[in-house]
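A quick write-up on the structure given underneath.
The values are calculated or read from the model by the stated rules, or taken from the named source; none is laboratory data. In this text the structure is predicted, and so the values were computed from the model without any measurement. Neighbour counts run over all protein chains shown; Cβ positions are idealised from the backbone, glycine included.
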There are 2 protein chains.
Amino acid sequence: MKFYENIKLDEFSSEPKYIQLYEILKNLIEEGAIKPDEKLPTIRELSKKLSVNTVTVVNAYKLLEQKGYIYTKVGSGTFVSKQNDEKIQVFSENPLATNIKREEINLGINFSTLTPQSSLFPVEDFKFVINRILDRDGASAFNYVEPQGYFPLRESIWKYLRECGVECEIDNISIVSGAQQGIDLVAKVLVNFNDAIVVESPTYTGAAAIFKNRGANIIEIPIKEDGLDLDELEDVLKKQRVKLIYVMPNYQNPTSITYSLEKKLELINLALKYNTYILEDDFLTEINFSKKPNEPLKTLDFCDRVIFIKSFSKIFMPGLRLAVIVSPFNISRNLVFAKQNTDISTSGLIQRAFDLYLREGLWTRHLNNLKDIYYKRYCLMKEKLSEIKDIRFKDPKGGIHFWIESELDATIIAYNAKKRGIAIAPGRAFYFDSRSSNNFRLSFAQTDYDDITNGINILKEIFDEIKMPG
Amino acid sequence: MKFYENIKLDEFSSEPKYIQLYEILKNLIEEGAIKPDEKLPTIRELSKKLSVNTVTVVNAYKLLEQKGYIYTKVGSGTFVSKQNDEKIQVFSENPLATNIKREEINLGINFSTLTPQSSLFPVEDFKFVINRILDRDGASAFNYVEPQGYFPLRESIWKYLRECGVECEIDNISIVSGAQQGIDLVAKVLVNFNDAIVVESPTYTGAAAIFKNRGANIIEIPIKEDGLDLDELEDVLKKQRVKLIYVMPNYQNPTSITYSLEKKLELINLALKYNTYILEDDFLTEINFSKKPNEPLKTLDFCDRVIFIKSFSKIFMPGLRLAVIVSPFNISRNLVFAKQNTDISTSGLIQRAFDLYLREGLWTRHLNNLKDIYYKRYCLMKEKLSEIKDIRFKDPKGGIHFWIESELDATIIAYNAKKRGIAIAPGRAFYFDSRSSNNFRLSFAQTDYDDITNGINILKEIFDEIKMPG
């Protein structure tokens, strides 16, 4: 109890007392002054000691619990959590989660995020189309649009998808507010309490969180060098009805693996045979550096079993919140109803502007430019990584990230890298149980040539240092 | 079976055959050529008769079923549905639902929607702020923002809410993509399978649809002249744990009733006593024509039991998709996580532009202008309605709609009105079971003075005509 003796709350601060108390306890826990599994004083004890209302302590404890600093055991009291998880959140997919302080992500070199840096955004071109829309459409630009999406945009996306090999009816295309919403809508239509959902392991846990929130049971199937382990998948499918298989077949997140054509076809066959759907999350297909085509599953979907979500957040501007769903005939109507029930429709102004952007050919220009830049970064990163002897990786031949394996728990690498101003995404961020992993993901979405050179030099030093004492 | 003899599908049409077949059958049903509860031919029979693949018939039947034209009885076959519901959809809350053809809603006079007409949108002012933002913020305007919302906007909304009497911490304010999304997020945080949710009866069924999608049980409590029937509510609360009470205390949709101050306070007391939350959907409070204040529940919320959602769709521009949630301390964090899991964040460009719009004082100007226009329409509509002897209504003293009662089933009025080019919203659209109702809602959001005068003259004629033969 001695740590609590020195706590002083400021009567005159503009900050509420519970926030003050929360900050103090949080710091004590982070600094290790209060250790994991140590018991905290009861609410009554602490409020008495600090001469504050019990509500103040209740609220501070609640906040600590919400943020994962403490946990409650029924009948025994309140205890300090293990702190690993908290540190990892800094490197998780969305660097702007509200529980992360801004200064923490303003690291020198950020290899941890797949979000493109804003200097790659085609701001001037988009400003031009927005103004054209405001002049052309006036008030209409601010009215509701159909829940399924602004028709002309669905038409221009239909044309673009055809160029990518995805043949579909305009009627089966929906515009949604980003891939995250697309996954959420698909879950609303297909996933109910107690349903089984298959995901890749490792995976983007932000998708699986949606399925969990619907009360689903998540089944993890490992990824091999050429895609999902289909034998293991079929074992699962034989034993139980699976509602949905969530996959990223091109430049998977986080492994950067692209499924082989055979696996892609076989996966669709399994979906047909066992009467399930595949949810394909396509966010990087365009960024192909090899001469081999990398077909989205949807282009091979002979039996209308693939729900195709195409995100523009990683190859355009994430803040626009735009993605597209191409859905099987059977669920298209229900998807539109789900969208309407969720937020009526996606911003009409943004949809109209993106439509014009596509029609004016600006999209193609942007994509070519982006691909050039990413290609150069990819080559440099591959070259630099090959200088580190202690790691292994498979050449992704596209996309914007590498998946690196070493002999060490990647959380240790991440911890040491952070101290040197470098953010990487350790493997455990891509498993539900945050299990220990020797892999980490390095992305070049936010790093220019100097960052890549300097950052990987520092990583090399870190590997050398860690190895030395051992 | 004779009606099917004449069906001809066009081999060379660009329209898929199943769509052609769907359209033909739909028209036959709508025209009454195939009657309610009449049995349709089996898939095999019809495909043989039309010489088409069975898949074509299967898909056409599926579409007819999804749109409510037909229903299936296990073991006996496919039958035509009663057609009332379909007609009502034309008048339901969101006139742009995809299953409604555009020409159907391009009626001469539209009293059916609460969505403001686009000539009321402050387009030039908003164009001005968007361009200021693009110049000021450049690429940042297209990046992710915090899931909880762009901080400066939360700050300016905090100030605006204070002027409205809602005192809260900026930390408890979230920006969301419209009230519909706000309700969806609250449901994700609080509503689970089998939970009991109380709603007003009649109500905005678009909200209750969200609760139903979460697997909740909906309990309807009638609205009286001064608000919800609190005796009946307390009976329910005594018997079972209720997770959420969904209310619109000011200018309720559809009844236009404003709760008395006593009822507002008593409702909060009940929420505290029975440990439940109130979800307050506030979309029209600003449009108050009386001298009496109309406090949002949230201003009276002494025990942090009210989740306050403020929509800007009915008093600003619906296509922007912007609303605000002020949430109790206990659920604020989880709401932010739900938002992040749902669509990461709301468009940053729109948030930045709306922030500047508020800061420049343009919002106040717009609101005063809108209130003037609505007040004149309200006075005219009240005067014109008082000329119809066969109806009764309570003066709403604010808002944008009247709730009218007559001796007749309002569906009959709506049907006759539609034939004369007038859309009204019949009462049954606001009950889950689409029960028959003698009430209908008339809104002046889309009608100028001439529309109001002419439209209500025609309604008067309709009442006279219907009464005459009887």
Handout entry: Residue identified as of a type in the set (S, T, N, Q) and modelled with pLDDT of 95 or more among A:SER386, A:SER434
Key = A:SER386
Handout entry: For A:GLU163: the one exception among (1) within 12 Å of chain B (Cβ to nearest Cβ); (2) modelled with pLDDT under 95
Key = (1)
Practice task
Please indicate, with yes or no, whether at least one residue in the stretch A:265-273 is under 27 Å from A:LYS371 (Cα atoms), touching a Lys or Arg at 6+ places or on another chain (Cβ under 9 Å) and modelled with pLDDT of 95 or more.
Solution key: no
Problem - Search result, residues across the stretch B:276-306 that are among the hydrophobic types (A, V, I, L, M, F, W, C), in a helix (DSSP H, G or I) and surrounded by fewer than 23 Cβ atoms within 10 Å (Cβ to Cβ) - result: B:LEU300
Fill in the blank from the handout: Within the stretch A:166-190, restricting to residues that are part of a helix (DSSP H, G or I) and within 12 Å of A:LYS339 (Cβ to Cβ), the one that is farthest from the other protein chains (Cβ to nearest Cβ) is A:VAL186
Practice task
Filter the stretch A:431-455 for residues that are touching an Asp or Glu at 6+ places or on another chain (Cβ under 9 Å) and under 14 Å from A:TRP403 (Cα atoms) and give the result.
Solution key: A:SER437, A:ASN438, A:ASN439, A:PHE440, A:PHE444
Handout entry: Boolean, A:THR78 is more than 14 Å from chain B (Cβ to nearest Cβ), within 26 Å of A:ALA208 (Cβ to Cβ) and modelled with pLDDT of 60 or more
Key = no
Exercise for the section: Filter the stretch B:410-453 down to residues that are aromatic (Phe, Trp, Tyr) and crowded, with 19+ Cβ neighbours inside 10 Å and give me whichever is nearest to B:PHE316 (Cα to Cα). Expected result: B:PHE444
Problem - Members of the stretch A:378-409 that are in a helix (DSSP H, G or I), of a type in the set (Lys, Arg) and under 20 Å from A:GLN252 (Cα atoms) - result: A:LYS382
Problem - Test for B:ILE210: is it part of a strand (DSSP E or B), touching a helix residue (DSSP H, G or I) at 6+ places or on another chain (Cβ under 6 Å), not small (Gly, Ala, Ser) and not assigned by TED's automatic domain parsing to the domain that holds B:ALA425 - result: no
Exercise for the section: Inspect all residues belonging to the stretch A:421-443 and state whether any of them is touching a Phe, Trp or Tyr at 6+ places or on another chain (Cβ under 7 Å), more than 23 Å from A:GLY206 (Cα to Cα) and of a type in the set (Gly, Ala, Ser). Expected result: no
Handout entry: Close pairs (9 angstrom Cβ cut-off, 6 or more residues apart or separate chains): in contact (Cβ under 8 Å) with a residue 24 or more places away in the chain and polar (S, T, N, Q) in the stretch A:385-409, surrounded by 19 or more Cβ atoms within 10 Å (Cβ to Cβ) and part of a strand (DSSP E or B) anywhere
Key = A:SER406/A:ASN439; A:SER406/A:PHE440
Problem - Residue count for the stretch A:307-344, restricted to those that are in a helix (DSSP H, G or I), polar (S, T, N, Q) and more than 10 Å from chain B (Cβ to nearest Cβ) - result: 0
Exercise for the section: Would you mind stating whether A:ARG392 is on the phi > 0 side of the Ramachandran plot and of a type outside the set (Gly, Ala, Ser)? Expected result: no
Completion exercise
Note on the stretch A:41-85: residues outside any helix (DSSP H, G or I) and either outside the structural domain of A:LEU28 (by TED's automatic domain parsing) or touching an Asp or Glu at 6+ places or on another chain (Cβ under 9 Å) (or both) are A:LYS67, A:GLY68, A:TYR69, A:TYR71, A:THR72, A:THR78, A:PHE79, A:VAL80, A:SER81, A:LYS82, A:GLN83
Exercise for the section: Output the number of the condition that A:ASN59 fails; it satisfies all remaining conditions of (1) surrounded by 15 or more Cβ atoms within 10 Å (Cβ to Cβ); (2) within 27 Å of B:CYS303 (Cα to Cα); (3) in contact with a strand residue (DSSP E or B) (Cβ under 6 Å, 6 or more places away or on another chain). Expected result: (3)
Practice task
Give me a count of the residues in the stretch A:10-40 that are surrounded by fewer than 18 Cβ atoms within 10 Å (Cβ to Cβ) and in a loop (DSSP other than H, G, I, E, B).
Solution key: 14
Practice task
May I ask you to say which residue of A:ILE452, A:ILE412 is in the same structural domain as A:SER386 (by TED's automatic domain parsing), assigned to a helix (DSSP H, G or I) and within 20 Å of A:GLN117 (Cβ to Cβ)?
Solution key: A:ILE452
Practice task
Could you tell me which of the residues A:ILE183, A:ILE157 is surrounded by 20 or more Cβ atoms within 10 Å (Cβ to Cβ) and over 15 Å from A:GLU360 (Cα atoms)?
Solution key: A:ILE183
Practice task
Assess whether A:LYS376 counts as being without any contact (Cβ under 8 Å) to a residue 24 or more places away in the chain, under 18 Å from A:THR447 (Cα atoms), assigned by TED's automatic domain parsing to the domain that holds A:ILE452 and charged (D, E, K, R).
Solution key: no
Problem - Residue among B:PHE312, B:PHE302, B:PHE289 that alone is within 30 Å of A:TYR61 (Cα to Cα) and of a type outside the set (S, T, N, Q) - result: B:PHE302
Exercise for the section: Return yes or no: is B:SER201 under 30 Å from A:LEU134 (Cα atoms) and small (Gly, Ala, Ser)? Expected result: no
Problem - Unmet requirement for A:THR203, which otherwise passes all of (1) within 12 Å of chain B (Cβ to nearest Cβ); (2) of a type in the set (Ser, Thr, Tyr); (3) more than 30 Å from B:ILE19 (Cβ to Cβ) - result: (1)
Problem - Complete set of residues in the stretch A:345-385 that are small (Gly, Ala, Ser) and either under 11 Å from A:VAL129 (Cα atoms) or within 14 Å of chain B (Cβ to nearest Cβ) (or both) - result: A:SER345, A:SER347, A:GLY348, A:ALA353
Completion exercise
Of the residues in the stretch B:214-258 that are in contact with a helix residue (DSSP H, G or I) (Cβ under 9 Å, 6 or more places away or on another chain) and assigned to a helix (DSSP H, G or I), the one that is farthest from B:ILE287 (Cα to Cα) is B:LEU237
